[in-house]
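Here is the structure we will look at, set down as structure tokens.
The values are calculated or read from the model by the stated rules, or taken from the named source; none is laboratory data. Computed from a predicted model, the values in this text were never measured in an experiment. Every residue, glycine as well, gets a Cβ built from its backbone with ideal geometry; the counts of neighbours run over all protein chains shown.
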Amino acid sequence: MAKRIQFARTGGSEVLELVDVTPAEPGPGEVRVENRAVGLNFIDIYFRTGLYPAPSLPSGLGTEGAGVVDAVGEGVTHLKVGDRVAYAQGPLGAYADYHVLPAAKAVVLPEAVDFETAAACMLKGLTVQYLLRQTCPLKGGETILFHAAAGGVGSIACQWARALGVKLIGTVSSPEKAALAEKNGAWATIDYTKESVAERVRELTGGEMCDVVYDSVGKDTWETSLDCLKPRALMVSFGNASGPVDGVNIGILNQKGSLFVTRPSLNGYADTRERLKTMADELFAMLESGKVRIDIAQRYPLAEAGKAQDALQGRQTTGSTILLP
Ligand SMILES: NC(=O)c1ccc[n+]([C@@H]2O[C@H](COP(=O)([O-])OP(=O)(O)OC[C@H]3O[C@@H](n4cnc5c(N)ncnc54)[C@H](OP(=O)(O)O)[C@@H]3O)[C@@H](O)[C@H]2O)c1
């Protein structure tokens, strides 16, 4: 019998249960992937807690994984049984031995990229691709603030920023996380649990402040983030690790210096098969060049998905975490 993690009600990690399932057959335009590794992401916690509603309950969980195509639906031409693939979008249900998803959301893996690496970086690495290369196409020489710099997305962002010649100031919650972010290429780090972030940014930049702030922490950092920007600069709010940003009076953008703000998502950028492929090709090229290395700092059996989520939510993880079916 195949296994999957599902939840029938929203709540803490105790709502996750490992159940036996008969793998579904792929419909037209779909493929079924036999997962070899599954990615753990903060968005999985938003669905489990109900911050983002699952389309129906009981629901599978997870959107990122890598494995081998083991069945192909009608009309699929770019993938065949036996292909090594990875994916980061599509229906919930990647926390499973088998996952059925639209073929357009899966990309063929280059030989040099193993399943664990792929599962650890498809969602996080594609996110860094669009954040640094599309939301604001960085050219080199800019100074940016990137929150949670020792986390999954943050660890990739530090390395990619270094490769672009961008000065990344990373926020972290401990000296160990600061050391890790700096090893990954952060130009400087700030412990946002102890220091005033805006004051430190002012010191570090000689009063110039940042060209872009990338904020995935959300509620706790929103206003501080605005205080770290140059006039007319860009605030990229892309996550809610501390809770969502809401109730914002947009007049604050005027008060803080005619700022720009965007709230992007991977689905909004990798919205066609062609765009997904272009973004994935660039991510894989960064991996193959050695400019970005994926740090899989935690591995859990699939059955321990709840424990893995508690560690991620409890700020105990660094780099990427994967689940092994
Ligand atoms: N919009 C998109 O397209 C997109 C795509 C991928 C990810 N994201 C977002 O990017 C963020 C990072 O995702 P990830 O999976 O790589 O996670 P992660 O960064 O590995 O983990 C989240 C980190 O956020 C920091 N944090 C700050 N306040 C927190 C709080 N109150 N509770 C928990 N953590 C807190 C912690 O680092 P410190 O201990 O150093 O503070 C924690 O390690 C998430 O917010 C996620 O939703 C957005």
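A few points about this structure:
- Here Phe284 meets the list (1) more than 16 Å from the ligand (Cβ to nearest atom); (2) among the hydrophobic types (A, V, I, L, M, F, W, C); (3) over 27 Å from Leu180 (Cα atoms) almost entirely, failing just condition (3).
- Test: residue in the stretch 105-116 that is outside any loop (DSSP other than H, G, I, E, B), of a type outside the set (Lys, Arg), modelled with pLDDT of 95 or more and within 14 Å of the ligand (Cβ to nearest atom): no
- Among the residues here, Ala94 does not qualify as assigned to a strand (DSSP E or B), crowded, with 16+ Cβ neighbours inside 10 Å and hydrophobic (A, V, I, L, M, F, W, C).
- Only one of the numbered conditions (1) within 16 Å of the ligand (Cβ to nearest atom); (2) β-branched (Val, Ile, Thr); (3) assigned to a loop (DSSP other than H, G, I, E, B) is not met by Val38, and that is (3).
- Filter pass, Thr49 being within 19 Å of the chain's Cα centre (by Cα), modelled with pLDDT of 95 or more, surrounded by 22 or more Cβ atoms within 10 Å (Cβ to Cβ) and over 26 Å from Phe260 (Cβ atoms): no
- Residue that is away from the ligand (no atom under 12 Å from the Cβ) and over 16 Å from Lys256 (Cα atoms), where the choices are Lys183, Lys177: Lys183
- Residue identified as within 15 Å of the ligand (Cβ to nearest atom), closer than 10 Å to Leu145 by Cβ and either assigned to a helix (DSSP H, G or I) or among the small types (Gly, Ala, Ser) (or both) among Ser225, Ser242: Ser225
- Helices (runs of 4 or more DSSP H) completely within the stretch 248-325 that count 3 or more residues being out of contact with any helix residue (DSSP H, G or I) (no Cβ under 6 Å at 6 or more places or on another chain) and touching a residue at least 24 places away in the same chain (Cβ under 8 Å): 273-289, 305-313
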